[in-house]
Each structure stands twice: as C-alpha cells, then as structure tokens.
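Please read the structure below before turning to the comments.
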Amino acid sequence: QVQLVESGGGLVQAGGSLRLSCAASGSIFSIGAMGWYRQAPGKQRELAATITSGGVTNYASSVKGRFTISRDNAKKTVYLQMNSLKPEDTAVYYCRVVHIYGDVYWGQGTQVTVSS
C-alpha cells in the first residue's frame, strides 16, 4: 500500500508564496514521474507541473515562471514552490506519483486559497 501525504497549503494574499510538499511512503520503491495537479471549484482537474525521475520539468502555461517543481528522490518527496500567487491559483492541489511500472497514486489534496 502506498500513501501520499501532502502539506503546505493555506491562505495567502495575492503576491505571496507557498511551498507544497508531498511525501510518498509504503510499498513504493521505484518512482517515475511526480507532479502537482489542481482543481478549482466547478472546474476540471488540471496539470500544474510535473517532473520526471531524471529531473525534466513541465509546467502549465498559467504557472510558468511563477511555480517551481522539484523532487528529493532519497526522501521520495516532491515540492511545489509557488510565488507571485494570484486569486486564480485558488484550488485544491493534488500530488500525483507514478510508479515505474505504471501504477498511479494520488494524494488527498491540500487547499490553497489566494485572497485579492
């Protein structure tokens, strides 16, 4: 069984910063891609950022230049540094981890609220 524990969400004013963390534990020893997705009220879940096991990153155009994804393979943890936050970044942020054999795991979600 695999568990993903997210932390770092909260309420911040526009222009502020937050750092999300997602740590994987349990029976997951070989992690492939890791990423962050987000879902705003009334909208579909969308990609925010991903990072491969080799460190190649990909960002949604709406967050490029403001968000930075990184990972610590030894700690099985992925991070999302979010700067210059905007009200439209308000959403539940979900961590997603893919095992090298293809199994996909999701975190429980952490709320990020940006006030104007």
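The values are calculated or read from the model by the stated rules, or taken from the named source; none is laboratory data. Note that the coordinates shown come from a computational prediction; the quantities given were computed from them, not determined experimentally. Positions of Cβ are backbone-derived with ideal geometry, glycine not excepted, and every protein chain shown enters the neighbour counts. The accessibility values were calculated without ligands, DNA or RNA, using every heavy atom of the protein model including side chains. Shrake-Rupley method; radii C 1.70, N 1.55, O 1.52, S 1.80 Å.
Summary of values
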read-out	value
Set of lysines with alpha-carbon distance to Lys76 below 26 Å, sequence-local pairs under 8 removed	Lys64
Carbon/sulfur fraction of accessible area - the chain, other protein chains in place, 1.4 Å, %	49
Spread of Cα-to-Cα distances over 10 Å intervals beginning at zero, given as percent, for the range 51-113	18, 51, 28, 3
Note, ³J(HN,Hα) from phi for the range 63-74, Karplus 6.51, -1.76, 1.60, rounded to Hz, x at Gly and Pro	10, 4, x, 10, 9, 9, 9, 8, 8, 10, 5, 5
Scaled radius of gyration (Cα, divided by 2.2 N^0.38 Å) that the range 10-73 gives	1.25
Heavy-atom surface of the range 1-81, accessible at 1.4 Å and reported per residue (Å²)	53
Chymotrypsin sites (Phe, Trp or Tyr not before Pro) restricted to the range 1-109 and DSSP loop, no more than 16 other C-beta within 10 Å	Phe29, Tyr101
Mean separation of Cα contacts under 8 Å (6+ apart) over length of the chain, as relative contact order %	36
Qualifying aspartates and glutamates (Cα of each under 17 Å from Cα of Lys43; at least 8 residues distant if same chain)	Glu88, Asp89
³J(HN,Hα), Karplus 6.51/-1.76/1.60, whole Hz, each residue of the range 19-31, x for Gly, Pro	10, 9, 10, 9, 10, 9, 9, x, 7, 9, 10, 9, 9
Karplus 3J(HN,Hα) series, Hz, for the range 99-114 with 6.51 cos²θ - 1.76 cosθ + 1.60 (x for Gly, Pro)	5, 5, 8, x, 5, 10, 10, 10, x, 7, x, 9, 7, 10, 10, 10
